[in-house]
Amino acid sequence: MTPPINSTDPAKGSTSISLSQSADPRRVLADRVEQMYGQMPLGIAGSFIISVIAAYELREGRYVEIVAFWAGLVVLLTAASIGLYWSFNRSATKASEAAQWLRWLAISALANGATWGFAGAVFFPSHADEQQVFLAFLLAGMVAGGVPIYAVSWPVYALYAAGIVFPFTYVLGTFGNRLFAEIALLVPAFYAMNVGVAWRLNQVFDSGYRLRHAYGKLTEDYTALNQRLEQQLVELDEARRQVEASGRKLVLFAERSPIAVFEFDVEGRILTVNPSAETLFGYAANEVIGRIGIDTLFAAAIQEDVRERWRKLIDARAPVIGLRALSTRRDGADITCEWSLTPLVNTENSVISVIVQGRDITQQLEAERMKQEFTSTLSHELRTPLTSIIGSLQLINSGVMGDIEKDTLELTTIAERNAQRLLDLINDILDVEKIESGKLTLMIEALELGELVTESLTLNRAFAERFKVKLVAAGELRAVKVSADRKRVLQVMTNLLSNAAKFSEAGTAVEVTIEIADSDTVRVAVHDTGPGIPENFRNRIFGRFAQADMSHTRQMGGTGLGLAICKRLIELMGGKIGFSDRAGGGTTFWFELPHHD
């Protein structure tokens with residue numbers, strides 16, 4: 001017996017099974033139908049020729065009319081089979097409607113078999129012994145000959161053979177001859193064996209078709225895979241060129257960079273040095289390559305701290321930016337450098353090396369120190385006499401010194417106002433200097449925010465009335481507590497309310513609201529009716545000395561430091577500040593502070 005196509009083989013059997021199972025059953029059925037219709041011309045021609053021979057042999061006797069009738073059936077069936085074959089070949093849907101074409105073929109096979117079964121049933125009892133042997137041989141040949149024609153689909157063969165065998169078996173069983181009766185018992189057994197052979201051949205054909213389609217699909221997949229691999233190779237080659245170009249750019253950047261650039265390995269040993277690093281520290285490249293960078297470049301007093309930062313950097317694989325540390329040159333001089341350490345991490349998340357960049361900021365720090373000292377000294381020296389001037393002008397303007405002329409009063413009022421603006425500028429500069437130097441001390445406590453906002457509205461109401469603007473609370477101010485510095489919150493509110501009053505239209509109101517931003521923060525918002533923030537000014541509105549370039553702004557004056565101070569104060573208190581456009585015109589400035597449980 002032929003071994004099964006998809007039997008398990010130690011080397012390739014399992015692959016055959018998986019491949020045959022992956023084939024599309026509809027395509028397999030279409031192939032089987034195509035195979036059977038391809039064999040139809042041979043079957044039609046063979047059956048017709050054998051029918052002609054049988055009719056010629058059986059023409060004698062008193063059954064000429066029945067033979068003629070049977071021959072007419074054969075011709076009619078042959079014509080129908082030819083028509084079916086022709087229709088199949090002309091059809092554009094034979095693949096998608098394979099099941100229907102298979103059913104038509106099964107009907108044709110059953111009709112063909114039944115025609116021969118009719119011949120056996122009618123002609124066997126009515127002819128001589130020699131003709132009976134000829135007819136029995138002929139029927140057996142037709143049953144056996146149907147195997148290669150219809151075995152691609154064993155049910156079709158079973159119908160064809162049943163149409164021949166069962167009428168003939170009935171005639172043998174009822175003929176009255178014991179030998180024929182015994183043969184009648186054997187014929188179904190031979191039929192069953194032939195059907196079994198047809199079933200086994202059907203399995204073989206089915207496996208073959210499945211494997212053919214599976215291997216065809218596999219070939220398509222391999223072709224597509226090869227195309228993708230070729231594309232990936234092209235992309236990899238392009239990526240390699242880009243990496244090489246990037247590498248050359250990095251090398252060129254490092255060589256010509258005005259700052260010191262080192263490459264350290266994971267252990268902290270120096271791998272490469274650029275010319276700027278040689279100039280800054282006084283070492284030639286061959287003198288430091290291979291040495292521990294921390295021991296070579298940093299002052300002894302801070303080396304242990306730098307080692308701890310190094311270990312954290314390697315563990316976290318995250319860059320360190322803006323590390324200011326005391327470094328030692330080759331000649332022993334100490335300089336302050338600002339370092340940036342960037343770990344290079346591979347695809348396995350392992351650190352390959354660390355790029356270390358440093359620049360000398362010693363002179364910069366000294367310049368900043370001198371600037372701060374100068375600013376602080378100048379501000380204090382200016383504030384003292386300026387306070388006296390303002391006090392004197394206020395006494396004159398209030399009439400304490402007696403009545404003065406109207407023209408003189410206008411001049412002294414202008415002098416007082418400008419002196420106050422100058423004092424505000426000096427105070428703002430001192431606040432900025434304190435914030436930047438870290439000397440500003442905050443008194444964080446639990447504050448009732450509603451009361452604090454109400455107080456700020458009262459304190460700034462007189463200032464707003466100068467611009468014919470009202471300061472009002474929109475709705476009920478929530479009784480909620482925040483963690484903040486009372487004095488600095490009032491300073492922030494004063495800045496925001498004064499700005500809103502200056503830029504709002506006369507006769508309108510500046511509204512203040514308190515909202516619960518989330519479970520951890522509370523938001524205070526100041527809504528004005530001004531012209532809004534110009535688009536080109538939005539990204540620098542919280543910068544120092546930032547003022548929009550608008551005629552209205554210049555008329556209102558201001559130091560340009562208020563919002564910058566507000567931002568730093570709110571951030572120091574753990575909050576955040578921002579702004580947004582107000583519906584209907586104007587701007588909403590808001591800040592959020594931590595909620596106090």
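The values are calculated or read from the model by the stated rules, or taken from the named source; none is laboratory data. Only a predicted model underlies this, so the values are computations on that prediction, with no experimental measurement involved. For neighbour counting, all protein chains shown are included, and Cβ atoms are generated from backbone atoms with ideal geometry for every residue, glycine included.
For segment 514-539, the set of residues classified as within 18 Å of Gly574 (Cβ to Cβ) and not charged (D, E, K, R) consists of Ile514, Ile516, Ala517, Ser519, Thr521, Val522, Val524, listed by residue number. For segment 220-243, the criterion of being touching a Pro at 6+ places or on another chain (Cβ under 7 Å) and among the polar types (S, T, N, Q) is met by none of the residues.
For segment 345-364, the set of residues classified as in contact with a strand residue (DSSP E or B) (Cβ under 6 Å, 6 or more places away or on another chain) and assigned to a helix (DSSP H, G or I) consists of Thr362 only.
Hey, could you check segment 268-320 for residues that are among the hydroxyl-bearing types (Ser, Thr, Tyr) and in a helix (DSSP H, G or I) and say which is nearest to Lys249 (Cα to Cα)?
In this case the residue turns out to be Ser276.
Going by the structure shown, is Asn499 in contact with a helix residue (DSSP H, G or I) (Cβ under 6 Å, 6 or more places away or on another chain), in a helix (DSSP H, G or I), modelled with pLDDT of 80 or more and not aliphatic (A, V, I, L, M)? So Asn499 does not fit the description; no.
Quick grid of which residues meet (1) of a type outside the set (Gly, Ala, Ser); (2) surrounded by 13 or more Cβ atoms within 10 Å (Cβ to Cβ); (3) at pLDDT below 80; (4) in a helix (DSSP H, G or I):
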{"residue": "Asp428", "(1), (2), (3), (4)": "yes, yes, yes, yes"}
{"residue": "Lys434", "(1), (2), (3), (4)": "yes, yes, yes, yes"}
{"residue": "Val453", "(1), (2), (3), (4)": "yes, yes, no, yes"}
{"residue": "Ser456", "(1), (2), (3), (4)": "no, yes, no, yes"}
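Looking at segment 502-530, which of the residues that are touching a residue at least 40 places away in the same chain (Cβ under 8 Å) and part of a loop (DSSP other than H, G, I, E, B) is surrounded by the fewest Cβ atoms within 10 Å (Cβ to Cβ)? Result: Ser519.
Report yes if Thr375 is in contact (Cβ under 8 Å) with a residue 40 or more places away in the chain, in a helix (DSSP H, G or I) and surrounded by 10 or more Cβ atoms within 10 Å (Cβ to Cβ), otherwise no. Here the answer is yes, as Thr375 does meet what is asked.
Any chance segment 205-214 includes a residue that's within 37 Å of the chain's Cα centre (by Cα), closer than 30 Å to Val156 by Cβ, assigned to a helix (DSSP H, G or I) and not assigned by TED's automatic domain parsing to the domain that holds Arg317? Yes.
Taking first residues from segment 382-409 that are farther than 21 Å from Arg421 by Cβ and partners that are among the β-branched types (Val, Ile, Thr) and surrounded by 13 or more Cβ atoms within 10 Å (Cβ to Cβ), no Cβ contact under 6 Å between residues at least 6 apart in sequence or on separate chains turns up. Based on this model, can you work out whether Gln420 counts as more than 30 Å from Pro258 (Cβ to Cβ), within 60 Å of the chain's Cα centre (by Cα) and assigned to a helix (DSSP H, G or I)? So Gln420 passes the test.
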